[in-house]
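First comes the structure, then the notes that go with it.
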Amino acid sequence: MTNQGKINKAAPCSARAGVLGWLAPLFHRVLDKIDAGLVEGGIDAVLPDGGRRLLGGRAPGPVARVEIADWRALLRLMIGGSAGWYLAWSRREWSSPDPVVVFEVFGRNRHSLGQTGRSGGLVRIAKRVLHGLRRNNRAGARRNIEAHYDLGNDFYTEWLDPTLSYSSAVFGASTDDLETAQQRKLAAILARTGTAPGDRILEIGCGWGSFAAHAAGAGRHVHAITLSSAQAAALTARRLPGVTVSITDYRDVTGVFDAVASIEMVEAVGQAYWATYLGTIARVLKPGGCAAIQYIAIDDAIFDAYAANVDFVQAYVFPGGMLLSQRQFRELAEAAGFAWVDQVDFAADYAETLRRWRQRFDAAVTDGRLPVRFDRHFIDLWRFYLMYCEGGFRGGGLQVSQVTLIKQ
């Protein structure tokens with residue numbers, strides 16, 4: 001593929017250019033900046049003034065088709081970053097036949113794009129102040145978890161697989177159904193605990209009980225904790241032998257356990273509390289015991305820029321959320337007395353999990369099975385969220401991993 005720059009010369013300003021049509025030269029400079037940052041793949045852009053440009057295209061890679069219906073889409077991207085890009089999409093200022101590819105292209109070019117696509121200036125400062133109000137102290141963590149997980153069990157059951165696992169599956173083959181792949185993930189986490197029947201496992205962030213059910217079925221005793229009232233009620237109602245559940249902050253856990261399991265819960269902890277989270281695990285784990293952790297990390301090379309901003313997910317979907325810097329988190333784990341053992345990465349599996357979730361979500365919408373309290377705006381938000389995350393994993397900016405921490 002070769003870089004063709006402008007495929008067609010811009011047509012005279014038309015009604016499609018919107019109220020900001022007179023600023024078209026400025027927006028073309030924004031496109032120039034994006035063009036310069038796309039070293040892999042590209043974006044085939046149809047513009048509000050009738051013009052068309054290929055951005056990037058210098059090296060092989062996916063090419064995303066984007067139709068920009070209003071220049072305000074680029075203005076929102078410049079000012080608000082990924083959160084502004086979502087807002088523009090929700091207002092139909094841009095569209096794509098496959099937005100996942102758009103996010104994949106941005107992810108693949110995350111280093112060369114630099115700060116392009118991130119909010120800056122006063123907007124960034126204001127967003128950071130707001131995000132700071134959602135910090136994960138005891139009261140804040142409870143509010144943040146409830147905002148996401150207490151949307152209703154009747155919502156999640158309509159599109160998650162029968163295990164109700166809300167974390168990446170592990171696919172052994174492309175023919176695996178989602179439930180089979182989720183069971184493989186649960187088995188891998190249980191194996192990492194190094195436990196035997198009769199042993200006690202603390203699960204930090206139990207979700208709706210998929211791991212607790214799997215471990216109890218293998219003869220383990222599980223104490224499952226969550227901050228979600230809806231999740232606690234659902235797991236309690238299952239009356240699983242050997243399983244206890246409580247609404248407990250991880251900082252308040254007491255007792256000693258043979259092992260700890262925590263599946264994609266640390267993303268709700270926040271950078272300021274990573275050391276506290278690891279310290280809690282060290283405190284409650286017996287000497288030589290294992291903690292099986294599944295976590296989502298963002299590329300360490302862009303972590304500082306990510307942490308200095310508030311992205312779409314933090315702004316609209318998961319208040320208080322923070323992806324890991326694997327390097328920093330590992331350093332803290334080793335400082336807390338853990339050996340970091342047998343790390344396995346499987347980003348492609350998360351991309352496939354998200355694709356399957358979106359298929360199931362879309363089917364639930366089509367069939368009218370989602371609770372009526374959720375309007376079109378909410379449905380569009382969640383569909384964007386699933387596509388945004390899938391593109392992040394496909395583009396290489398995000399990674400999901402399992403690791404065993406052994407208390408030394």
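The values are calculated or read from the model by the stated rules, or taken from the named source; none is laboratory data. Given the structure is predicted, the values throughout are model-derived calculations rather than measurements. Every residue, glycine as well, gets a Cβ built from its backbone with ideal geometry; the counts of neighbours run over all protein chains shown. The protein model used for the area step is the full one, side chains on, heavy atoms only, and it has no ligands, DNA or RNA in it. Shrake-Rupley method; radii C 1.70, N 1.55, O 1.52, S 1.80 Å.
Taking every DSSP beta bridge that has both ends in the chain, the antiparallel portion is near 50%. Here region 308-408 is assigned +1 on the Cβ of each Lys and Arg and -1 on the Cβ of each Asp and Glu. Its dipole about the Cα centre then comes out at about 260 debye. Once a ≥ b ≥ c are taken as the square roots of the eigenvalues of the Cα gyration tensor of region 287-361, is the result rounded (a/c under 1.5), prolate (a/b larger than b/c) or oblate (a/b not larger than b/c)? Here region 287-361 falls in the oblate category. Per residue of region 291-299, in order, report the coupling 6.51 cos²θ - 1.76 cosθ + 1.60 (Karplus, θ = phi - 60°) as ³J(HN,Hα) in whole Hz, putting x for Gly and Pro. Ordered by residue, 3J(HN,Hα) equals 10, 9, 10, 10, 9, 10, 10, 9, 3 Hz. For the chain, the solvent-accessible area works out to 40 Å² per residue, with a probe of 1.4 Å and every protein chain left in place. On full extension, the segment bounded by Q359 and R29 gains 115.1 nm, given 0.36 nm per residue less the C-alpha separation. For the residues S112, S82, S167, a GNM of the chain with alpha-carbon springs under 10 Å puts the largest fluctuation on S112.
Taking a probe of 1.4 angstrom, what is the accessible area of H221 in Å², to the nearest 10? Accessible area, nearest 10 Å²: 90 Å².
Taken about its Cα centre, region 232-291 carries a charge dipole of about 200 debye when Lys and Arg each add +1 at the Cβ and Asp and Glu each add -1 at the Cβ. Rolling a 1.4 angstrom probe over region 26-87 with all protein chains present gives an accessible area of which 59% lies on carbon and sulfur atoms. Taken about its Cα centre, the chain carries a charge dipole of roughly 920 debye when the Cβ of each Lys and Arg holds +1 and the Cβ of each Asp and Glu holds -1.
Sequence-distant contacts, meaning Cα pairs under 8 Å at least 6 residues apart, place the relative contact order of the chain at 16 percent.
Total lysine pairs in the chain at Cα distances under 27 Å, for residues eight or more apart or on different chains: 6.
How large is the helix-only mean residue ellipticity at 222 nm for the chain, computed as the sum of -39500 (n - 2.57) over DSSP H runs with n ≥ 4, divided by its residue count, in deg cm²/dmol to the nearest 500? Theoretical 222 nm ellipticity from helices: -13500 deg cm²/dmol. For region 195-210, backbone phi angles converted through the Karplus equation (6.51, -1.76, 1.60; θ = phi - 60°) give residue-by-residue couplings of 9, 10, x, x, 6, 9, 10, 8, 10, 9, x, 8, x, 9, x, 5 Hz, Gly and Pro being listed as x. Ranked from largest to smallest solvent-accessible area, with a 1.4 Å probe on the protein heavy atoms, F171, F211 come out as F171, F211.
Roughly speaking, what is the stretch gain from S95 to D252, that is 0.36 nm per residue apart minus the C-alpha to C-alpha distance, in nm to one decimal? Intermediate results must be reported in sequence, preceding the final value.
Numbers: separation 157, 0.36 × 157 = 56.52 nm, distance 4.64 nm.
Fully extending the segment from S95 to D252 adds 51.9 nm.
Axis angle, to the nearest 10 degrees, between helix 326-335 and the longest C-alpha principal axis of the chain: 30 degrees. Only protein atoms count toward the accessible area here, which uses a 1.4 Å probe; on region 320-403, the carbon and sulfur part of that area reaches 50 percent.
Proximity of backbone amide H atoms, modeled 1.01 Å from N, is registered between A261 and L202, E203, I204, A292 at under 5 Å, excluding neighbours fewer than 5 places apart on the same chain. Seen against the Cα atoms of the chain and their longest principal axis, helix 376-394 is set at about 80 degrees. In this structure L151 has an accessible area near 40 Å², from a 1.4 Å probe over the protein heavy atoms. Put K185, K33 in order of accessible area, highest first, and with a 1.4 Å probe you get K33, K185. Against the longest principal axis of the chain, how steep is helix 347-366, in degrees 0 to 90 to the nearest 10, with axes from Cα atoms? It is inclined by approximately 80 degrees. Remark on V222: its backbone amide H falls under 5 Å from those of I201, V243, T244, a criterion applied only to residues 5 or more positions apart or on other chains, H modelled at 1.01 Å from N.
Projecting the Cα positions of Y86, L323, Q294 onto the charge dipole of the chain (unit charges on Cβ atoms of Lys, Arg, Asp and Glu, taken about the Cα centre) puts Y86 furthest along the positive direction. Using θ = phi - 60° in the Karplus curve 6.51 cos²θ - 1.76 cosθ + 1.60, the 3J(HN,Hα) couplings for region 105-113 round to 4, 4, x, 5, 10, 4, 7, 6, 6 Hz; x is entered for Gly and Pro.
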